[in-house]
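The values are calculated or read from the model by the stated rules, or taken from the named source; none is laboratory data. Computed from a prediction, not measured in an experiment: that's the story for all the values here. Because the Cβ atoms are built from the backbone with ideal geometry, glycine has one as well, and the counts that use them run over all protein chains shown.
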Amino acid sequence: MSEIAVILLSGGLDSATTLAIARAESYDCYALSFDYGQRHLTELRYARAIAQAACVVEHRVVQLDLGGMGGSALTDHSLAVPTSEDVGIPITYVPARNTLFLAYGLGWAEVLGARHLFIGVNAVDYSGYPDCRPEFIAAFEAMANLATREGVEGRPISIETPLIDLSKSEIIRLGLDLGVDYATTVSCYSLNDRGEACGECDSCRIRRQGFEVAGISDPTCYRP
């Protein structure tokens with residue numbers, strides 16, 4: 001029997017590639033997405049399509065009210081999404097987001113008997129978010145195996161981060177080798193209801209640059 005893995009799936013380029021990697025490693029994949037009060041919900045439509053195309057065993061969407069806390073341009077509409085690079089941790093950082101996402105993924109993994117929890121964090125071409133760093137992942141994994149029955153009883157859960165040391169162009173090349181259709185992914189912080197990216201935010205900039213460096217045509221649908 002194949003091993004079970006839980007994959008955090010946002011509908012973006014990195015998480016779609018992470019899911020493709022888990023499938024290529026012959027895991028039975030369970031995908032988990034979040035409606036957390038983000039500026040646009042169009043990404044969840046993409047996440048559902050990606051999960052369906054990947055033939056995951058199950059795809060769940062969990063609702064969280066991070067928007068109610070504010071503090072991020074991705075959840076607070078009174079804060080503008082920046083169109084230039086910020087110095088330090090940008091306003092698009094969502095406080096505790098990956099900590100909460102991993103906690104929910106950990107809970108589902110324990111229920112399923114999964115020993116592997118995948119997240120598409122990247123510490124090379126990213127926006128400086130503290131919860132994308134290897135130190136954070138290592139600390140969360142250590143906590144997870146102290147705080148769960150599986151860990152205490154000698155069945156530790158591993159937090160898998162296959163993209164953490166790759167550049168965006170390397171991720172794109174790897175995903176294409178695995179059959180990822182990047183036209184079905186989104187990365188924009190200001191995506192509209194038609195699925196058109198702004199082309200100006202930090203996420204769009206990193207994505208576009210990744211395709212340029214990889215020498216591959218960017219399939220993203222940008223607004224005129």
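Considering only segment 181-197, I want to know if a residue exists there that is surrounded by 15 or more Cβ atoms within 10 Å (Cβ to Cβ), in contact with a Leu (Cβ under 7 Å, 6 or more places away or on another chain) and among the aliphatic types (A, V, I, L, M).
yes
Out of the residues in segment 58-114 meeting the condition of being of a type in the set (S, T, N, Q) and touching a helix residue (DSSP H, G or I) at 6+ places or on another chain (Cβ under 7 Å), tell me which one is nearest to D35 (Cα to Cα).
Selected residue: N98.
Taking segment 1-56 on its own, how many of its residues are surrounded by fewer than 16 Cβ atoms within 10 Å (Cβ to Cβ) and closer than 15 Å to G175 by Cα?
3
Return the pairs, sorted by first residue and then second, in which the second residue is surrounded by fewer than 19 Cβ atoms within 10 Å (Cβ to Cβ) and among the aromatic types (F, W, Y), the first residue lies in segment 200-221 and is closer than 14 Å to L176 by Cβ, the beta carbons are less than 9 Å apart, and the residues are 6+ apart or on different chains.
S217/F211; D218/F211; P219/F211
Does segment 21-44 contain at least one residue that is in contact with a helix residue (DSSP H, G or I) (Cβ under 7 Å, 6 or more places away or on another chain), part of a helix (DSSP H, G or I) and not basic (K, R)?
no
Pick from segment 5-20 the residues that are in a helix (DSSP H, G or I) and of a type in the set (S, T, N, Q): which of them is nearest to Q38 (Cα to Cα)?
S15
Based on what the data block shows, is D28 under 14 Å from the mean Cα position of the chain (by Cα) and either of a type outside the set (A, V, I, L, M) or within 19 Å of N192 (Cβ to Cβ) (or both)?
Here the answer is no, as D28 does not meet what is asked.
Does G11 satisfy the criteria of being of a type outside the set (D, E, K, R) and within 23 Å of E200 (Cβ to Cβ)?
yes
How about segment 176-216: which of its residues are at pLDDT 95 or above, more than 17 Å from the chain's Cα centre (by Cα) and in a loop (DSSP other than H, G, I, E, B)?
If the condition is that a residue be at pLDDT 95 or above, more than 17 Å from the chain's Cα centre (by Cα) and in a loop (DSSP other than H, G, I, E, B), then L178, G179, G215, I216 are the ones that fit.
In segment 147-166, which residue that is touching a helix residue (DSSP H, G or I) at 6+ places or on another chain (Cβ under 6 Å) and not aliphatic (A, V, I, L, M) is surrounded by the fewest Cβ atoms within 10 Å (Cβ to Cβ)?
Top of the filtered list is P156.
In the list A103, A96, A73, which residue meets the criterion of being within 17 Å of G128 (Cβ to Cβ) and under 15 Å from the mean Cα position of the chain (by Cα)?
A96
When segment 100-150 is examined, which residues are found to be β-branched (V, I, T) and outside any helix (DSSP H, G or I)?
I119, V121, V124, T148 - these are the residues of segment 100-150 that are β-branched (V, I, T) and outside any helix (DSSP H, G or I).
Kindly indicate whether any position in segment 151-165 is in a helix (DSSP H, G or I) and either of a type in the set (D, E, K, R) or touching a Phe, Trp or Tyr at 6+ places or on another chain (Cβ under 7 Å) (or both).
Checked segment 151-165: no residue is in a helix (DSSP H, G or I) and either of a type in the set (D, E, K, R) or touching a Phe, Trp or Tyr at 6+ places or on another chain (Cβ under 7 Å) (or both).
Results for (1) in contact (Cβ under 8 Å) with a residue 24 or more places away in the chain; (2) of a type in the set (S, T, N, Q); (3) part of a helix (DSSP H, G or I); (4) under 23 Å from L117 (Cβ atoms), shown as yes or no for each residue.
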| site | (1), (2), (3), (4) |
| --- | --- |
| A47 | yes, no, yes, yes |
| V62 | yes, no, no, yes |
| G67 | yes, no, no, no |
| L79 | no, no, no, no |
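Restricting attention to segment 98-130, and to residues there that are at pLDDT below 95 and under 17 Å from G12 (Cα atoms), which single residue is surrounded by the fewest Cβ atoms within 10 Å (Cβ to Cβ)?
Only one residue tops the list, namely V124.
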